[in-house]
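Working notes for the structure below.
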Amino acid sequence: MEYRTLGRTGLRVSLAGLGTGGPSRLGQSAGVPAAESHRVVRTALDLGINFFDTSPAYRGSEELLGAALDGVPRERYVVSTKFPSGREGNLKADPEDLMRTLEESLRLLRTDCVDVLEYHAVSPAIYRTVVERFHPVALRAQEQGKVRFLGITETVSDDPTHAMLQVAIPEGLFDVVMIKYGILNQTAADTALPLAKEHNVGVQIMASVRTSLRNPEEAVKTINRFIDEGLLDAPRPSLDDPLGLGAAGKPTPSLTRAAYQFAADHEAVSSVLIGTGNADHLRANVADLLGERLSQAQFDHLRGVYGGLAWNA
């Protein structure tokens, strides 16, 4: 496993992180038994993964993760959870909701301190209100030793240009951010990622594969849609090489290898989250991330062909 420093936290985290949200939610969406979810977490530890990301918003993920990590020495892992403050028009009103939510997270995770607490899915429209309403309570939780570092995550669906993070990162309130970045949305490389590097903020990457690059059929459908809508000037994709990487060098990598390695290639990135409820799938994805590196020509191809997209899913 490769390890990187999570910005100014100084924490050394695995390049592959285990995410417990996304479509899988540690297997909950597929209805797998809790024992299988626990096996995924234990497999992650065996693979050298020490960074685990969760949230109260991911149904029972905190409880599953806490049970799976029970008995594991606390210094062996870094855990990040979140405070879901609500959405525009339905924002939580009581600042103490943050403390109550955090204390429940600590109970479910079976720990007395989380390494990172992030405001969850904050859109540009509510950013200022979230900070003014809840940040004093978050700082109090930090002073009480319930939280080591503070962070914030952007929304995937309605902020594809990372407008919130362009405001939040320079303000210096956050040690860690979660960013949507990948082949089909590279805009963070021009905005949020350079800011994170400049301010020494740790970066978690989410959704580098989600709902677009999970399999060739899905990728071909998505890319054809971009071409049909005039968003992409590229040859029609093929099932055997949807991203056209074969023309940029051999061998042609798998979709997931291309997606995960592209997301990890930026120097500001600390960890790329992998979401799954299947231990074999986790092993395969980690192997893709850490496997034979794409050639420079293949990276250049992905940036040249797909760099203008801002896909929000």
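The values are calculated or read from the model by the stated rules, or taken from the named source; none is laboratory data. Keep in mind the model is a prediction, meaning the values are calculated, not measured. Note that we place each Cβ from the backbone using ideal geometry, even for glycine, and neighbour counts take in every protein chain shown. Calculation scope for accessible area: heavy atoms of the full protein, side chains included, ligands and nucleic acids excluded. Shrake-Rupley method; radii C 1.70, N 1.55, O 1.52, S 1.80 Å.
How much net charge surrounds ASN312 when only the other residues with a Cβ under 12 Å from the Cβ of ASN312 are counted, with Lys and Arg +1 and Asp and Glu -1?
-1
Among SER123, ILE49, ASN185, flag the residue with its Cα farthest along the positive direction of the charge dipole of the chain, charges on Cβ as +1 for Lys/Arg and -1 for Asp/Glu.
So the residue we want is ILE49.
Among rounded, prolate and oblate, which fits the stretch 94-177 when a ≥ b ≥ c are the square roots of the eigenvalues of its C-alpha gyration tensor, a/c under 1.5 means rounded, and a/b larger than b/c means prolate?
Cα axes put the stretch 94-177 in the prolate bin.
Can you give the Rg to Rh ratio for the chain, taking only C-alpha atoms and Rh from Kirkwood? Don't skip to the end; give the middle numbers.
Working: Rg = 18.9 Å, Rh = 19.7 Å.
Ratio value, two decimals: 0.96.
Can you give the Rg and Dmax of the stretch 126-254 based on its C-alpha atoms, in angstrom?
18.7, 57
Using a Förster distance of 25 angstrom, determine the FRET efficiency expected from the C-beta separation of THR161 and SER295, and round it to 0.05.
The value I calculate is 0.30.
Order these peptides, 120-129, 83-92, 172-181, by their mean beta-carbon neighbour count within 10 angstrom, highest first.
172-181, 120-129, 83-92
For the stretch 1-74, which whole-number percentage of the solvent-accessible area (1.4 Å probe, protein heavy atoms only) is attributable to carbon and sulfur atoms?
Exposed carbon and sulfur together represent 49 percent of the surface.
What part of the accessible area of the stretch 118-265, given as a whole %, is carbon or sulfur when the probe is 1.4 angstrom?
The C+S portion of the solvent-accessible surface of the stretch 118-265 is 50 percent.
Over 5 Å intervals from 0, what percent of Cα-Cα pairs in the stretch 161-235 sits in each interval?
P(r) for the stretch 161-235, in whole percents per bin: 3, 15, 22, 18, 13, 11, 10, 6, 1.
Please report the orientation-averaged projected area of the stretch 256-313, defined via the convex hull of its C-alpha atoms, in nm². Each step should come with its number before you reach the end.
Numbers: hull surface 19.0 nm².
Computed as one quarter of the Cα hull surface, the answer is 4.8 nm².
What is the count of Lys pairs in the chain whose alpha carbons sit under 18 Å apart, if the two are 8 or more places apart or on different chains?
Pairs that pass both the separation and distance tests number 4.
Might you report the magnitude of the Cβ-based charge dipole of the chain about its Cα centre, with Lys and Arg at +1 and Asp and Glu at -1, to the nearest 20 debye?
Here the size comes out at about 420 debye.
Please label the shape of the stretch 11-158 as rounded, prolate or oblate, based on the square roots a ≥ b ≥ c of the eigenvalues of the alpha-carbon gyration tensor (a/c under 1.5 means rounded; beyond that, a/b larger than b/c means prolate, else oblate). Intermediate values should be presented prior to the final figure.
Details: a/c = 1.92, a/b = 1.47, b/c = 1.30.
Judged from the Cα gyration tensor, the stretch 11-158 comes out prolate (a/c at least 1.5, a/b above b/c).
Suppose all protein chains stay in the model; what accessible area per residue would a 1.4 Å probe give for the chain, in Å²?
40 Å²
Using the Cα gyration tensor of the stretch 23-88, with a ≥ b ≥ c the square roots of its eigenvalues, what is the shape: rounded (a/c below 1.5), prolate (a/b larger than b/c) or oblate (neither)?
Working: a/c = 2.19, a/b = 1.30, b/c = 1.69.
It is oblate, given that a/c is not under 1.5 and a/b is not larger than b/c.
Principal axis lengths of the stretch 67-142 from Cα atoms, whole Å, largest first?
Cα spread of the stretch 67-142 along its principal axes, largest to smallest: 41, 20, 16 Å.
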